[in-house]
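Read the figures in this text as sums done on the coordinates, not as results from a lab. Everything numeric here is computed off the predicted structure, so don't read it as measured data. Virtual Cβ from ideal backbone geometry, glycine too; neighbours counted across all protein chains shown.
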Amino acid sequence: MTITEAVPAATSPTFFEFFAAPAVVEPPAAPAAVVEPPAEGQVAAEQAAAEPSALGGVADWAVGMMESIGAPGAGLAIALENLFPPLPSEIILPLAGFTASQGSFSLTAALFWTTLGSVLGALALYGLGAWLGRDRMRRVVAKVPLVDLEDVDKVEAWFERHGYKAVFFGRMIPLFRSLISIPAGIERMGLLTFSALTTAGSLIWNTIFILAGYYLGESWHLVEAYAGVFQKIVIAAVVIAAVWFVAAKVRSSRKPVTGEDA
């Protein structure tokens, strides 16, 4: 027997043998995991965190406050904004409106708590002014270069005539929103009158920005861009006034003393 005869030849399966072979059944695929949609309150936080980095720090902090304690967190943030003016209400208030639009709390709650926070922060600065007092303030000002007590007298006389309007409209002007409470305390404006004017002015300011954030939705941060223009105008006006005041003082100090003045 030859080697070829000893090794059986490999044969191909016949037509019937091919179709008679058992079919290979693939195991069923695992069902896809069901992803739960994020809660509405989380949507506000995630979208706020995704805003431009210029807003990120303040926005993240404000969102954390609102997520932790709800609408009172917005009020606390605004109260701190009164005490620390670098915290911009132009970001906090629209963000509170946007968060309210997501259902985390009501629009009424946002308006109530932010206005309450504004009043409480203003009262704290009013108390600081009352503690400082007129006499202590004059002693401090007397040590400031280029500022005379006559200038203080003019400011006091102006505030006595226009103090009510200053407190009311001051609540709607960046930078002055907080500072206006201090002279009101120094001059001992009636506490009820001060509180009423502060509440009215703050409610108008807060309503404008909260409603803007509420209706703009995810584009709430656009409010800050327009408010920033107004703030820059105010800062420019303050700088111009300060430069004019200093120049006038320097010019008057250089005037030669005549015999009549002596």
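Given +1 at the Cβ of Lys and Arg, -1 at the Cβ of Asp and Glu and no other charges, the dipole of the range 102-191 around its Cα centre is 160 debye to the nearest 20.
FRET efficiency for the Ile240 to Asp60 pair, using the beta carbon distance and R₀ = 45 Å, is estimated at 0.80. Spin-label pair Lys143-Ser195: with each label point 7 Å from Cα along the Cα-Cβ axis, the two points sit 3.5 nm from one another. Debye-formula intensities of the range 78-125, expressed as log10 I(q)/I(0) at q = 0.21, 0.22, 0.26 Å⁻¹, are -0.68, -0.73, -0.92 (one equal scatterer per alpha-carbon, no solvent). With contacts defined as alpha carbon pairs under 8 Å and 6 or more residues apart, what's the relative contact order of the range 95-225 in percent? Taking the mean separation of contacting Cα pairs over the length of the range 95-225, I get 43 percent.
Could you compute the net charge surrounding Gly121? Neighbours are other residues with a C-beta less than 13 Å from the C-beta of Gly121; K and R count +1, D and E count -1. List each step's numbers first, then the result.
Numbers: positive: Arg171, Arg177; negative: Glu81.
So the surrounding residues net to +1.
What is the range 106-236 by shape, rounded, prolate or oblate, if you read a ≥ b ≥ c off the alpha carbon gyration tensor as root eigenvalues and call it rounded for a/c under 1.5, prolate for a/b larger than b/c, and oblate otherwise?
Working: a/c = 2.82, a/b = 1.79, b/c = 1.58.
Since a/c reaches 1.5 and a/b is larger than b/c, the shape of the range 106-236 is classed as prolate.
Net charge around Leu197, counting only other residues with Cβ within less than 12 Å of its Cβ (Lys, Arg = +1; Asp, Glu = -1)? Neighbourhood net charge equals +2. Here the peptides 65-77, 186-198 are ranked by packing, the mean other Cβ count within 10 Å, and the order with the highest first is 65-77, 186-198.
Does the range 75-159 come out rounded, prolate or oblate, given a ≥ b ≥ c as the square roots of the eigenvalues of its C-alpha gyration tensor, rounded meaning a/c under 1.5 and, failing that, prolate meaning a/b above b/c?
Numbers: a/c = 3.66, a/b = 3.05, b/c = 1.20.
It is prolate, given that a/c is not under 1.5 and a/b is the larger ratio.
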